[in-house]
Amino acid sequence: MMQTLVFETAWDKTIAQEDREAIIDLFHETKKTANKSIAFTPITQSYNYRGDLLIMVLVHNFTGQLFSFEKMNLIYKEKDKDIAAMHFSFPGLKLDAWTSMPWTFIFPMMYKTKKL
């Protein structure tokens, strides 16, 4: 199957052209890593004014099935060290089979972890 890149509607309307091009380039670099699973390729890491950790990733659905962004326990790691952990659920947000999409996960300050 051929992997396709999509942008969620709100992203598509607001993303800067430079950021869009960088994501498209990253998609072309990483779409060949298909391993029949869901994969998260890091794009950027930043903090907002409240100190929340914002992790932008390219979510790859390398499966033949629809992927739902519901009931996910995610751990953000750097160099094998747990940085933040949180349960995420975005009802209604789905990623078609063989599709990739950028997404930002926000780990509120209280979910940053010292030790898991």
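Coordinate-derived values only; no laboratory data. Treat the numbers as computed from the prediction; the structure is a model and nothing was measured. Here the Cβ is made from the backbone with ideal geometry for all residues, glycine too, and neighbour counts use every protein chain on show.
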Q. So Gly92 clears everything in (1) closer than 25 Å to Arg20 by Cα; (2) surrounded by 11 or more Cβ atoms within 10 Å (Cβ to Cβ); (3) small (Gly, Ala, Ser) except one condition, right? Which one?
A. (2)
**Q.** Residue under evaluation Val59, criteria (1) farther than 23 Å from Ile24 by Cβ; (2) of a type outside the set (Gly, Ala, Ser); (3) within 11 Å of the chain's Cα centre (by Cα), criterion not met
**A.** (1)
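Please enumerate the residues belonging to the stretch 74-94 that are without any contact (Cβ under 8 Å) to a residue 40 or more places away in the chain and either touching a Pro at 6+ places or on another chain (Cβ under 6 Å) or of a type in the set (A, V, I, L, M) (or both). Break it down into steps so the answer makes sense when it comes.
The first filter runs over the stretch 74-94 and keeps only residues without any contact (Cβ under 8 Å) to a residue 40 or more places away in the chain, leaving 74, 76-92, 94.
Across the stretch 74-94, the qualifying residues are Leu74, Ile83, Ala84, Ala85, Met86.
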Q) Within the bounds of the stretch 45-55, is there any residue that is in contact with an Asp or Glu (Cβ under 8 Å, 6 or more places away or on another chain), touching a residue at least 40 places away in the same chain (Cβ under 8 Å), farther than 19 Å from Glu8 by Cβ and part of a loop (DSSP other than H, G, I, E, B)? A) no
Q | Given (1) surrounded by 15 or more Cβ atoms within 10 Å (Cβ to Cβ); (2) out of contact with any Phe, Trp or Tyr (no Cβ under 9 Å at 6 or more places or on another chain), index of the condition Pro108 fails | A | (1)
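Step by step: first the residues of the stretch 12-32, then only those that are of a type in the set (Val, Ile, Thr) and surrounded by 11 or more Cβ atoms within 10 Å (Cβ to Cβ), then the one that is nearest to Trp98 (Cα to Cα). Which residue is that?
Within the stretch 12-32, the first condition is being of a type in the set (Val, Ile, Thr), and the residues that meet it are 14-15, 23-24, 30.
Narrowing further to those that are surrounded by 11 or more Cβ atoms within 10 Å (Cβ to Cβ): 15, 23-24, 30.
Details: Ile15: 23, Ile23: 17, Ile24: 16, Thr30: 13 Å.
Looking at the filtered set, the residue picked out is Thr30.
Residues are listed down the side, and each one gets a yes or a no for (1) hydrophobic (A, V, I, L, M, F, W, C); (2) over 14 Å from Leu5 (Cβ atoms):
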{"site": "Leu26", "(1), (2)": "yes, no"}
{"site": "Thr30", "(1), (2)": "no, no"}
{"site": "Asn35", "(1), (2)": "no, yes"}
{"site": "Leu66", "(1), (2)": "yes, yes"}
{"site": "Lys81", "(1), (2)": "no, yes"}
{"site": "Met86", "(1), (2)": "yes, yes"}
{"site": "Lys94", "(1), (2)": "no, yes"}
{"site": "Trp98", "(1), (2)": "yes, no"}
